[in-house]
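The values are calculated or read from the model by the stated rules, or taken from the named source; none is laboratory data. Remember, it's a predicted structure, so these values are computed and weren't measured experimentally. Glycine also receives a Cβ, built like all others from the backbone with ideal geometry; neighbour counts cover every protein chain displayed.
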Amino acid sequence: MEGLWSNYLADSVRSFRNYKKLAERAFEQVSDEEFSRSLDEEGNSIAVIVKHIAGNARSRWRDLFTSDGEKADRNRDTEFEMIGDTRASLMEFWETGWQTLFDAIEPLSVDDFGRTITIRGEPHTVVEAINRQMTHYAYHVGQIVFLAKHFRSKEWRSLSVPRNRSAEFNQFLADKQERGEAGGDRFDSVAEFSRKDAEN
């Protein structure tokens, strides 16, 4: 059980870090105006999504086992409004939210595996809570990437295997393995492939 839990936890932390990094590689490509732009009146901007993810993480992962994940000091509705927010302040909030998450889950042990976490009064196992938030953040990170790619258009630097380049990417990975180089995170390998491609 301990080995299984350790593997699950390590993979979860790695996945959370990858989603964070993916979002950051997307919004670092956009201007301040694009960062705050939405596609229509009902759509969210990258800025709003950043604020929402950070607000959610700060609420869900603080005092993990001792209070409900929907904290009394959270005002979720204001996460979808820009109220004196700047890109710099949102980036600071973003880092705080993610750090709250990592501070909560990285120390978890096999003994925590069976403990209960409550979110809006609903009990969750640790695994259920992690999976719930993993899918939630992945959903919103996908929105960030979509918006950034839309705004950058032809100037977009791909964050996934470029279209019609799968065979080249597979060969790139095979060459790295043959040289005995560590595989690294999947997003890092794609970024390295894109960098080398741009240099040629």
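Within the stretch 68-83, which residues are of a type outside the set (A, V, I, L, M), part of a loop (DSSP other than H, G, I, E, B) and without any contact (Cβ under 8 Å) to a residue 40 or more places away in the chain? Let's see the steps before the verdict.
First pass over the stretch 68-83, keeping only residues of a type outside the set (A, V, I, L, M): 68-71, 73-81.
With part of a loop (DSSP other than H, G, I, E, B) added as a condition, the list becomes 68-71, 73-75, 81.
Those that are of a type outside the set (A, V, I, L, M), part of a loop (DSSP other than H, G, I, E, B) and without any contact (Cβ under 8 Å) to a residue 40 or more places away in the chain: K71, D73, R74, N75, E81.
Tell me which residues, restricted to the stretch 84-143, are closer than 22 Å to S67 by Cβ and part of a loop (DSSP other than H, G, I, E, B). Give the derivation first.
At the first step, the residues of the stretch 84-143 found to be closer than 22 Å to S67 by Cβ are 93, 96-109, 111-134, 136-137.
If the condition is that a residue be closer than 22 Å to S67 by Cβ and part of a loop (DSSP other than H, G, I, E, B), then E106, P107, L108, S109, F113, G114, R115, R120, G121 are the ones that fit.
If only one of L90, L108, L64, L101 is of a type outside the set (V, I, T) and touching a Phe, Trp or Tyr at 6+ places or on another chain (Cβ under 6 Å), which one is it?
On the way: L90 fails: touching a Phe, Trp or Tyr at 6+ places or on another chain (Cβ under 6 Å); L108 fails: touching a Phe, Trp or Tyr at 6+ places or on another chain (Cβ under 6 Å); L64 fails: touching a Phe, Trp or Tyr at 6+ places or on another chain (Cβ under 6 Å).
From the options L90, L108, L64, L101, the qualifying one is L101.
Considering each residue of the stretch 35-55, count those that are without any contact (Cβ under 8 Å) to a residue 24 or more places away in the chain and charged (D, E, K, R), and give that number.
Total satisfying the criteria: 3.
Give the stretch 73-127 a look and list any residue that's within 26 Å of L22 (Cα to Cα) and in contact with a strand residue (DSSP E or B) (Cβ under 8 Å, 6 or more places away or on another chain), or say none.
Answer for the stretch 73-127, where residues must be within 26 Å of L22 (Cα to Cα) and in contact with a strand residue (DSSP E or B) (Cβ under 8 Å, 6 or more places away or on another chain): just V126.
Of everything in the stretch 1-50, what is under 18 Å from D188 (Cβ atoms) and in a loop (DSSP other than H, G, I, E, B)? Give them in sequence order.
Selection gives E28, Q29.
Only one of (1) outside any helix (DSSP H, G or I); (2) of a type in the set (K, R); (3) within 20 Å of H124 (Cα to Cα); (4) touching a residue at least 24 places away in the same chain (Cβ under 8 Å) is not met by R58, so which one is it?
R58 satisfies all of (1) outside any helix (DSSP H, G or I); (2) of a type in the set (K, R); (3) within 20 Å of H124 (Cα to Cα); (4) touching a residue at least 24 places away in the same chain (Cβ under 8 Å) except (1).
Out of the residues in the stretch 161-192 that are of a type in the set (D, E, K, R) and outside any helix (DSSP H, G or I), state the one that is modelled with the lowest pLDDT. Before the answer, list the steps.
Initially, the stretch 161-192 is screened for residues of a type in the set (D, E, K, R), giving 163, 165, 168, 175-176, 178-179, 181, 185-186, 188, 192.
Retained after the next criterion (residues that are outside any helix (DSSP H, G or I)): 163, 165, 179, 181, 185.
On the way: R163: 74, R165: 74, R179: 76, E181: 73, D185: 65.
Residue satisfying both the conditions and the ranking: D185.
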